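The values are calculated or read from the model by the stated rules, or taken from the named source; none is laboratory data. All of these numbers come straight from a predicted model, not from anything done at the bench. We place every Cβ from the backbone using ideal geometry, glycine too, and count neighbours over all the protein chains shown. The accessibility values were calculated without ligands, DNA or RNA, using every heavy atom of the protein model including side chains. Shrake-Rupley method; radii C 1.70, N 1.55, O 1.52, S 1.80 Å.
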Amino acid sequence: MTKTEVTEATRVQTLDTHDRASLFDRPLAELLKPNWEKAIYLAIFLLAVVSRFWDVGARAMSHDESLHALYSYYLDNGSGYTHNPMMHGPFLFHANTLIYFLFGDSDFTARIVPALFGVFMVMSPLLLRRWLGRAGAIITSILLLISPSFLFYSRYIRNDIYIAVWTVVLIAALFRFVDSHRRGWFYLGAAVLMLSLATKENAYIFGFIGLAYIVEVILWERTSRRGQIWLYVGGAVLSFILLVVASLLAGPVGGGVEATESSRMVMKLVTAVVTVVGGTLLAVLLNASLLYSRHPRRSSIEEAIRSLTWQVWLIAAIIMFLIYTLLFTTFFTNPLGLGTGIFGSISYWLAQQEVQRGGQPWFYYLLLLPMYEFVPLLFSLMGTIYYLLRGMFGRPEAAAAPDSATEDTAETGREPRAFLAVPSVRSNARFVAFLILWTITTLFIYSWAGEKMPWLVVHPVLPMIILSGKFTGDLFGRVDWRAIWRRGGGWLALLLPVTLFGLYTLIKLQPFQGLSVFNLQETGNWFAALIVSLLLVVLTWLVIRRLGIKRALMVALGTLLVFLSFFTVRFAWMAAYINYEYATELLVYAHAAADAKPTMNEIADISQRTVGDKMIEVAYDNDVTWPLEWYMREYPNRKYYAETPTREALDLSLIHI
C-alpha cells in the first residue's frame, strides 16, 4: 500500500469515527425535535400503513397468491417445503410461515408481509436522501405512496414488492459504500444481494444492471476526456455487432433431434446475454456524459474495492452462504435446495423465455405505464432529457447539483463537519447516471423478456419514480417559493388548469353548424367560451409577466405534477379498493371471481348445519383448483377429481365446478 493510500485510509477512518461519535453525542431531544420534514414523513408513513393494510384480506386469493399462501401453510403445519423454481425463491414462504406462526393463517395474514414491505417501500427514499435531496426524497415517497401498481402489489402476496425493497437497499448500500468505504455497507449489500436472489429471479436482472454500471464507472473515470471518445465509438460498434449476432442466434437451434437439451439451453443463455448486453451498451453510451474523468487516478469504485481486506471479503462470502444455505435448504431439511437454488432457477426461467407466458406483445408495458403510471413515465422522460442535455452541453456538476453540494472530500482534502452529510458533486453525478441507466435498461430488458405480467410493471416503474423524484427535487429545491407566492404564483397555479380547460372547451364545441335551436345554442356556448378563455389567457399572461418565465415554468411544472397526481390517486383507489376482482383493471390477472368468498361462506354454513364444523364432503375440478386448494385446506373430506369426474367423486353433498 502506497503512502497516499495509507493517508486516505487513515483519513476515512478518522472521519468515520468522528461521524459516529457526533451522532451518539447528540441529545435525544435534538433528534426528536419536530420540523416540517419530519411531519411530512410521519403523515406519509401513516397513510402508507392505512393504505396497505386497510381491508387487505377482502379480496379473494388469485391463482398465484393461493399457491404462495398454501405452500407457506404446508411449511407452517409441519408438512415441509421444497424449493421449486416455478414458485421463485424461498424467502416468501419462510416469511409467511413466521406470520402464520404468530397470527394464524388467513387471507389477511397471508398479505401482512407484502403490506409491511409496501410500507417500507414508501419510506425507502430516506435511504437515498443524500442524493435525492430533501425535496426529492419527499416527492419520491409520495409518488410511491400513490402509485397504482405499488399500492396494488403491496396488498398482493407475490415476490415483486420484496424485490423492489431489496433493490432500493442495494442501491443505498452501493453508493454509501463507494462514498464512505465503510465495511458495514458492504456487508449489508452482500446480505441483501443474497436475500434478493432467494426472493425472485428478477434479482439477476438488477444484478446485471448494477454490474454494467460498475464497469461503466471504472472505464469512464479511469479514461481521459480525449480517450473517452474512443469508448463511445467502441461501445457503439460493439453494441451494433452484438445486436446483429443476437438476431442471428434468435433462430431455431440446428441439428433437429440431434440437438440436445443442454445445447439448446446453452444457446438460449448465449442469446439472452448477447441481446441484453448489446441493448444495455446503448443506455451506457447515453448516460456516460454525466460521469467525470479522474484520469490518471483510479476510479471511485476501484478505490472503494481496494479499501477492503481479504477478511472483509471472507465475512461477506460467509454471510451470503449462510443466507443461501438456510433458505434454500429450508434450514437444512432439504439438501437438494443447494442445487435448485441458483442453477435450477436460471435454467428453469431461461426455458420459460420461449414459452412467453401471458402472450403479451413487446410493447405491453408501454400500454400499462401510460394507463396507471403516467406521472413517473412523463417526469422520468423529462428528467432523462434534462440531465443528458446538461451533461452533453454543460458541466456535469450543473446537471446534478444537490440541495447543497460539497467538494469531493477525497480530492480536496477538506473534512466537512458531518462526513458525507450531502454527497459530493461527483457522487451525485454518478447517482444520476445510474438512475438513467437503470430506467432505460430495465424497460428494455422487461420488454424483451418472454414473460410479461402486470405485476412485473413495478420493476420499470421503480427507477422511473426515483428519477422523477430526483428531477423534480433538483428543480423545486432551488426555487424560492415564498417569492413566487408573493408575486402571484398561487394565482398562476389556479389559472393554468382552468385556462387549459377553457381552451379545450373552445376547441371541442362546434359553432356555426346551422340555424336549429340546438346549433344556435352550440354557437352561443362557443362565444361564451371564447370570451371566458380570452379573459383567462390575458390574466394568465399578466401573472406570467409578473413572475418571469423561469418562475412561471416552475409553477407550471409543479401544477402539472399535482394535477396528474390527483388522477393517479383516483386510479390507485379504483384498482386497489373498488375493481380489485374485475378484469376491467389491467392490473388484475388470473384472479378468482368476486363470488369466490361468498361461495366459500355458503359452503362453510352448509357444512356447519349438516355435519358440523368443516367435515362436509365437497368435490371440485381442475378449473377451480387455485384458489380452492387454499380455501379447502381445512376441509379434510374434500375431493379433487381434476378433469376426469367419476361416479364416486360426484356422489357427494357439494360439487364446485
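At-a-glance table
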{"read-out": "Residue 449 surrounded by fewer than 21 Cβ atoms within 10 Å (Cβ to Cβ), under 27 Å from residue 572 (Cα atoms), touching a residue at least 24 places away in the same chain (Cβ under 8 Å) and touching a Ser or Thr at 6+ places or on another chain (Cβ under 6 Å)", "value": "no"}
{"read-out": "Pairs with Cβ under 6 Å, 6+ apart, first in the range 476-505 and more than 12 Å from residue 556 (Cβ to Cβ), second open to solvent by 40 Å² or more (accessible area, probe 1.4 Å) and in a helix (DSSP H, G or I)", "value": "487/546; 488/546; 502/532"}
{"read-out": "Positions within the range 294-323 being within 10 Å of residue 222 (Cα to Cα) and open to solvent by 20 Å² or more (accessible area, probe 1.4 Å), in sequence order", "value": "295, 296, 297, 298, 302"}
{"read-out": "Matching residues in the range 27-66 - criterion: being open to solvent by 40 Å² or more (accessible area, probe 1.4 Å), closer than 15 Å to residue 580 by Cβ and outside any helix (DSSP H, G or I)", "value": "54, 55"}
{"read-out": "Unique residue being of a type in the set (D, E, K, R) and farther than 30 Å from residue 492 by Cα when the list is 609, 570", "value": "609"}
{"read-out": "Verdict on residue 153 being closer than 30 Å to residue 39 by Cβ and not hydrophobic (A, V, I, L, M, F, W, C)", "value": "yes"}
{"read-out": "Residue count, the range 509-541 (criterion: surrounded by 14 or more Cβ atoms within 10 Å (Cβ to Cβ) and aromatic (Phe, Trp, Tyr))", "value": "1"}
{"read-out": "Single residue of the range 138-166 satisfying the filter (among the polar types (S, T, N, Q) and over 19 Å from residue 88 (Cβ atoms)) that is surrounded by the fewest Cβ atoms within 10 Å (Cβ to Cβ)", "value": "141"}
{"read-out": "Pick from the range 453-490, criterion among the charged types (D, E, K, R) and open to solvent by 10 Å² or more (accessible area, probe 1.4 Å), ranking: nearest to residue 376 (Cα to Cα)", "value": "478"}
{"read-out": "Selection count, the range 85-132, where residues are more than 20 Å from the chain's Cα centre (by Cα) and more than 22 Å from residue 203 (Cβ to Cβ)", "value": "12"}
{"read-out": "Of all residues making up the range 219-245, the number that are under 31 Å from the mean Cα position of the chain (by Cα), under 16 Å from residue 292 (Cβ atoms) and β-branched (Val, Ile, Thr)", "value": "0"}
{"read-out": "Qualifying residue in the range 638-650 (condition: open to solvent by less than 30 Å² (accessible area, probe 1.4 Å), over 19 Å from residue 66 (Cβ atoms) and either out of contact with any helix residue (DSSP H, G or I) (no Cβ under 8 Å at 6 or more places or on another chain) or not hydroxyl-bearing (Ser, Thr, Tyr) (or both))", "value": "yes"}
{"read-out": "Qualifying residue in the range 337-355 (condition: at pLDDT 90 or above and either farther than 20 Å from residue 457 by Cβ or surrounded by 16 or more Cβ atoms within 10 Å (Cβ to Cβ) (or both))", "value": "no"}
{"read-out": "Some residue of the range 595-616 being in contact with a Phe, Trp or Tyr (Cβ under 7 Å, 6 or more places away or on another chain) and among the small types (Gly, Ala, Ser)", "value": "no"}
{"read-out": "Residue in the range 497-506 that is touching an Asp or Glu at 6+ places or on another chain (Cβ under 9 Å) and more than 13 Å from residue 543 (Cα to Cα) present", "value": "no"}
{"read-out": "Pick from the range 198-212, criterion aliphatic (A, V, I, L, M) and within 13 Å of residue 276 (Cα to Cα), ranking: surrounded by the most Cβ atoms within 10 Å (Cβ to Cβ)", "value": "209"}
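Residue by residue, here is whether (1) more than 30 Å from residue 142 (Cβ to Cβ); (2) surrounded by fewer than 17 Cβ atoms within 10 Å (Cβ to Cβ) holds:
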| position | (1), (2) |
| --- | --- |
| 559 | no, no |
| 567 | no, yes |
| 584 | no, yes |
| 598 | yes, yes |
| 609 | yes, yes |
| 621 | yes, no |
| 624 | yes, no |
| 627 | yes, no |
| 630 | yes, no |
